[in-house]
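Encoded as structure tokens, the structure appears first; notes follow it.
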Amino acid sequence: MLKAAEYAEEAKEISPPREQTNATPQHKQQKKQQKKQQKNRQVELERAVEVAVATTVEPPGLTMATIGVLESCWRQKNGTPRQFTLCPSSRATVHLTFGDNPFNALDGLQEFSHVYLLFHFHQNGDYNRKQMKIKPPKLGGPKVGIYSSRAPHRPNPIGLSIAKIEGIEGNLLHLSGIDLINGTPILDIKPYIPRWDSIPDATAATWVTEPPVPPITTITFAPKALQSLEALKGQLRFFSPGEGPGAIMDGIREALGCDPRSTRLRKKYGSKVEFGFCIDVLNIICEMDDENHAATVADVELWPHDQ
Ligand SMILES: C[S@@+](CC[C@H](N)C(=O)[O-])C[C@H]1O[C@@H](n2cnc3c(N)ncnc32)[C@H](O)[C@@H]1O
């Protein structure tokens with residue numbers, strides 16, 4: 001179905017039929033018929049414009065079912081990677097709940113390596129949905145139109161991520177490479193299809209390709225942090241003790257490497273304050289060294305809000 005604006009354009013483009021001189025009665029009849037058809041089409045288009053305008057969905061007129069909930073190693077917005085590719089070691093599981101036999105909906109997904117997740121930014125809090133220009137959070141770059149950004153605060157709080165499939169068990173879809181927090185409502189899942197979805201010569205804005213926030217290139221773990229990791233590894237939910245602390249250490253390195261601090265925290269306090277973020281059940285306490293683009297994981301403790 002054409003959109004309202006497209007109908008309107010098409011309706012405008014219907015020009016009146018050209019006049020013919022010395023027309024035979026047959027021509028006149030044809031012309032009359034053509035005119036009638038044009039008129040009918042015009043009326044039809046105008047009606048369609050009215051219908052399209054009347055049925056335009058304005059939030060909150062649209063209701064959608066949540067098809068499942070994400071259980072994620074990220075527990076809060078602070079510290080969660082800005083995009084899914086930034087932390088391939090992060091882990092999550094979608095618990096599918098929609099329908100009588102939700103596991104049936106996953107049939108066939110084993111043949112794909114990655115999925116798209118469409119989800120609700122449920123922790124956006126109060127925000128101005130009509131704000132059309134924003135500064136992409138955490139990037140500290142220029143103000144851009146909301147539709148040229150991936151910011152969570154948008155007219156419809158719907159997000160799009162890609163994740164790697166790690167396994168399927170009944171109604172559980174295990175994933176890695178996640179930028180979503182625990183409890184995120186999932187609206188849809190679709191397979192990523194490289195043949196159709198990958199566009200090798202696609203381009204992007206420079207604030208994305210050359211982000212204004214430099215990466216943290218040197219990350220070290222203090223002996224105290226390593227001891228705590230060893231002591232707490234048995235309590236991890238997403239990283240099994242059998243893997244040793246190496247797997248979660250990769251996750252911590254990847255998350256810290258892209259400097260997850262907010263622009264405000266980075267600019268106002270810089271290296272002067274410790275920065276903490278949560279992964280799995282752990283609170284990671286870091287000392288930042290902005291001058292040398294470095295960070296030290298000073299200590300690791302159980303996430304205080306779980307206790
Ligand atoms: C910039 S968004 C990008 C998400 C998705 N890849 C997209 O492009 O739509 C990622 C950030 O959203 C925030 N976030 C993640 N899950 C959220 C949720 N359920 N509600 C609100 N904010 C969330 C986190 O701070 C995370 O760093």
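Considering only 269, 116, 192, the Gaussian network model of the chain with Cα springs below 10 Å gives its largest mean-square fluctuation to 269. Between residue 27 and residue 243, the contour length at 0.36 nm per residue exceeds the alpha carbon distance by 69.3 nm. Packing order of peptides 228-238, 94-104, 250-260, highest average first: 250-260, 228-238, 94-104 (average count of other Cβ atoms within 10 Å over each peptide's residues). Here the range 212-274 is treated with +1 on each Lys and Arg Cβ and -1 on each Asp and Glu Cβ, and its dipole about the Cα centre works out to around 480 debye. Shape analysis of the range 218-306 yields a ratio of the Cα radius of gyration to the Kirkwood radius, Rg/Rh, of 0.97. Packing around the peptides 66-79, 118-131, taken as the average count of other Cβ atoms within 10 Å per residue, puts them in this order, highest first: 66-79, 118-131. Model label sites at residue 38 and residue 143, defined 7 Å from Cα along the beta-carbon direction, differ in position by 4.8 nm. Bridgeable lysines around residue 190 (alpha carbons under 30 Å apart, same-chain partners fewer than 8 residues away excluded): 3, 77, 130, 133, 135, 138, 164. Fewest neighbouring Cβ atoms within 10 Å first, the residues 132, 249 line up as 132, 249. Averaging the Cα positions of each part gives two centres, and for the range 166-227 and the range 232-307 these lie 17 Å apart. The tail of the calculated P(r) for the range 106-207 beyond 22 Å holds 43 percent of all Cα-Cα pairs. Of the peptides 208-214, 23-29, 86-92, 155-161, the ranking by mean beta-carbon count within 10 Å, highest at the top, reads 86-92, 155-161, 208-214, 23-29. Taking each residue as 0.36 nm, the span from residue 100 to residue 210 lengthens on full extension beyond its C-alpha to C-alpha distance by 34.9 nm. Listing 85, 263, 93 from fewest to most neighbouring C-beta atoms within 10 Å gives 85, 263, 93.
The charge dipole of the chain, taken about its Cα centre with unit charges on the Cβ atoms of Lys, Arg (+1), Asp and Glu (-1) only, comes to about 1860 debye. Legend: ranking of residues 293, 305 from fewest to most surrounding C-beta atoms inside 10 Å; resulting order 305, 293.
Looking at the chain, the pairs of alpha carbons with a distance over 29 Å make up 52% of the total. Across the range 269-296, the residues whose backbone nitrogen lies under 16 Å from the label position 7 Å along the beta-carbon direction of residue 218 are 271, 287-296.
Readers should treat all values here as calculations from the given coordinates under stated rules, not as data from a laboratory. What you see is a predicted model, and the numbers here were worked out from it, not measured in a lab. Glycine gets a Cβ as well: all are built from the backbone with ideal geometry, and neighbour counts include every protein chain shown.
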